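Undergrad: Okay, here's the structure, questions in a sec.
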Amino acid sequence: EDQVTQSPEALRLQEGESSSLNCSYTVSGLRGLFWYRQDPGKGPEFLFTLYSAGEEKEKERLKATLTKKESFLHITAPKPEDSATYLCAGNQAGTALIFGKGTTLSVSS
Amino acid sequence: DAMVIQNPRYQVTQFGKPVTLSCSQTLNHNVMYWYQQKSSQAPKLLFHYYDKDFNNEADTPDNFQSRRPNTSFCFLDIRSPGLGDAAMYLCATSRSSPGLVNNEQFFGPGTRLTVL
């Protein structure tokens, strides 16, 4: 069965304490790995798409990487405003996005 | 700014009373999606339209219906809401079909549905 699993479920960091979120996938014929940020009570906000192993993308303090089995979202020197739930999703040809349950990140000052 | 708009943001209905949620987009995207998201869970796809071609997920209950009268608008109709249908309903759009290039999905802010 195709699955996307995110870990940890929750992560608490101090401001400036870098860390990584993990997304492992068993999606046959993966056609894209997506990262979204979701704030409480709001819709997911698109962050990155990765298409092939070895690909990396960056946006401000966030960097997403992809291997053949997993993706990482690295957060460098996080700030309190980075607190949110980060969702990972995989895409096959002609089918819906398969979402993970998300990692809820809390950054305290 | 190009965007996905959902109305209302909050909807309260009574058990069994039909309700319609609305989504509009200014992105001119071909594909529109409806998701259901319950607390602390991943979004669950209900159905999607590629232009006017309707695609229903196999496990979407018959209680949920959708209409897309034109490129810009899409509606979610819940014919007889039950207590278990209380959730956030998310509308999303993408330029192309799932699995193709440029298929990033852009989400609206959601409608929080409460069923009394």
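The values are calculated or read from the model by the stated rules, or taken from the named source; none is laboratory data. Nothing here was measured: the structure is a model prediction, and the numbers come from that model. Every residue, glycine among them, receives a Cβ derived from its backbone with ideal geometry; neighbour counts consider all protein chains shown.
Undergrad: Of these, B:Phe75, B:Phe107, which one is within 27 Å of A:Leu47 (Cβ to Cβ) and not charged (D, E, K, R)? Outline the logic, then answer.
TA: On the way: B:Phe75 fails: within 27 Å of A:Leu47 (Cβ to Cβ).
Every option except B:Phe107 fails the conditions.
Undergrad: Next question, about the same structure. Quickly run through the stretch A:34-53 and pick out the residues that are more than 11 Å from the chain's Cα centre (by Cα) and of a type in the set (S, T, N, Q).
TA: Residue satisfying the conditions is A:Ser52 alone.
Undergrad: Let me confirm something: among B:Thr13, B:Thr71, which residue is touching a strand residue (DSSP E or B) at 6+ places or on another chain (Cβ under 6 Å), β-branched (Val, Ile, Thr) and on the phi < 0 side of the Ramachandran plot?
TA: Details: B:Thr71 fails: touching a strand residue (DSSP E or B) at 6+ places or on another chain (Cβ under 6 Å).
It is B:Thr13.
Undergrad: Further question: Filter the stretch B:43-52 for residues that are buried (at least 21 other Cβ atoms within 10 Å of the Cβ) and facing chain A (nearest Cβ under 9 Å); which is farthest from B:Ser94 (Cα to Cα)? If you could, list the steps in order and put the result at the bottom.
TA: Taking the stretch B:43-52 as the starting set, the residues that turn out to be buried (at least 21 other Cβ atoms within 10 Å of the Cβ) are B:43, B:45-46, B:48.
When the remaining residues are screened for being facing chain A (nearest Cβ under 9 Å), the result is B:43, B:45, B:48.
Working: B:Pro43: 16, B:Leu45: 14, B:His48: 10 Å.
Selected residue: B:Pro43.
Undergrad: From A:Glu45, A:Glu15, which residue is away from chain B (no Cβ under 14 Å) and either surrounded by fewer than 17 Cβ atoms within 10 Å (Cβ to Cβ) or at pLDDT 95 or above (or both)? Quick ask: steps written out before the conclusion?
TA: Details: A:Glu45 fails: away from chain B (no Cβ under 14 Å).
The conditions single out A:Glu15.
Undergrad: Let me ask something else about it. A:Leu21 - would you say it is touching a Ser or Thr at 6+ places or on another chain (Cβ under 6 Å), of a type in the set (A, V, I, L, M, F, W, C), in contact (Cβ under 8 Å) with a residue 24 or more places away in the chain and over 23 Å from B:Pro109 (Cα atoms)?
TA: Numbers: touching a Ser or Thr at 6+ places or on another chain (Cβ under 6 Å): yes; of a type in the set (A, V, I, L, M, F, W, C): yes; in contact (Cβ under 8 Å) with a residue 24 or more places away in the chain: yes; over 23 Å from B:Pro109 (Cα atoms): yes.
It is true that A:Leu21 is touching a Ser or Thr at 6+ places or on another chain (Cβ under 6 Å), of a type in the set (A, V, I, L, M, F, W, C), in contact (Cβ under 8 Å) with a residue 24 or more places away in the chain and over 23 Å from B:Pro109 (Cα atoms).
Undergrad: Given the condition modelled with pLDDT under 95, out of contact with any helix residue (DSSP H, G or I) (no Cβ under 9 Å at 6 or more places or on another chain) and more than 24 Å from A:Gln38 (Cα to Cα), answer yes or no: does some residue in the stretch B:76-90 qualify?
TA: Filtering the stretch B:76-90 down to residues modelled with pLDDT under 95 leaves none.
Taking every residue of the stretch B:76-90 in turn, none turns out to be modelled with pLDDT under 95, out of contact with any helix residue (DSSP H, G or I) (no Cβ under 9 Å at 6 or more places or on another chain) and more than 24 Å from A:Gln38 (Cα to Cα).
Undergrad: From the set of residues in the stretch A:67-101 that are outside any strand (DSSP E or B) and modelled with pLDDT of 95 or more, which is surrounded by the fewest Cβ atoms within 10 Å (Cβ to Cβ)?
TA: A:Glu81
Undergrad: Which condition does B:Asn56 not pass, out of (1) more than 14 Å from chain A (Cβ to nearest Cβ); (2) without any contact (Cβ under 8 Å) to a residue 24 or more places away in the chain, if it passes all the others?
TA: Status for B:Asn56: all satisfied but (1).
Undergrad: Sticking with this structure for a sec: Could you grab me the full set of residues in the stretch A:34-50 that are in a strand (DSSP E or B) and of a type outside the set (A, V, I, L, M, F, W, C)?
TA: Within the stretch A:34-50, the first condition is being in a strand (DSSP E or B), and the residues that meet it are A:34-38, A:45-50.
A:Tyr36, A:Arg37, A:Gln38, A:Glu45, A:Thr49, listed by residue number.
Undergrad: What number goes with the only condition from (1) closer than 24 Å to A:Leu33 by Cα; (2) away from chain A (no Cβ under 11 Å); (3) of a type outside the set (Ser, Thr, Tyr); (4) more than 12 Å from the chain's Cα centre (by Cα) that B:Gln36 does not pass?
TA: If we test B:Gln36 against (1) closer than 24 Å to A:Leu33 by Cα; (2) away from chain A (no Cβ under 11 Å); (3) of a type outside the set (Ser, Thr, Tyr); (4) more than 12 Å from the chain's Cα centre (by Cα), just (4) comes out false.
Undergrad: Pick out the one residue from A:Ala64, A:Ala53 that is in a loop (DSSP other than H, G, I, E, B) and of a type in the set (A, V, I, L, M).
TA: None of the other options fit; the residue is A:Ala53.
Undergrad: Kindly list the number of the only condition in (1) farther than 22 Å from A:Arg31 by Cα; (2) in a loop (DSSP other than H, G, I, E, B) that fails for B:Ser96.
TA: (1)
Undergrad: Considering only residues that are surrounded by 13 or more Cβ atoms within 10 Å (Cβ to Cβ) and in contact (Cβ under 8 Å) with a residue 24 or more places away in the chain, which ones fall in the stretch B:27-42?
TA: As a first pass, look at the stretch B:27-42 and keep what is surrounded by 13 or more Cβ atoms within 10 Å (Cβ to Cβ): B:27, B:29-38, B:41-42.
Within the stretch B:27-42, B:Leu27, B:His29, B:Asn30, B:Val31, B:Met32, B:Tyr33, B:Trp34, B:Tyr35, B:Gln36, B:Gln37, B:Lys38 qualify.
Results for (1) more than 14 Å from chain B (Cβ to nearest Cβ); (2) in contact with a Gly (Cβ under 6 Å, 6 or more places away or on another chain); (3) within 15 Å of B:Pro43 (Cβ to Cβ), shown as yes or no for each residue.
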{"position": "A:Leu62", "(1), (2), (3)": "yes, no, no"}
{"position": "A:Glu70", "(1), (2), (3)": "yes, no, no"}
{"position": "A:Ala77", "(1), (2), (3)": "yes, yes, no"}
{"position": "A:Asp82", "(1), (2), (3)": "yes, no, no"}
{"position": "A:Ala96", "(1), (2), (3)": "no, no, yes"}
{"position": "A:Ser106", "(1), (2), (3)": "yes, no, no"}
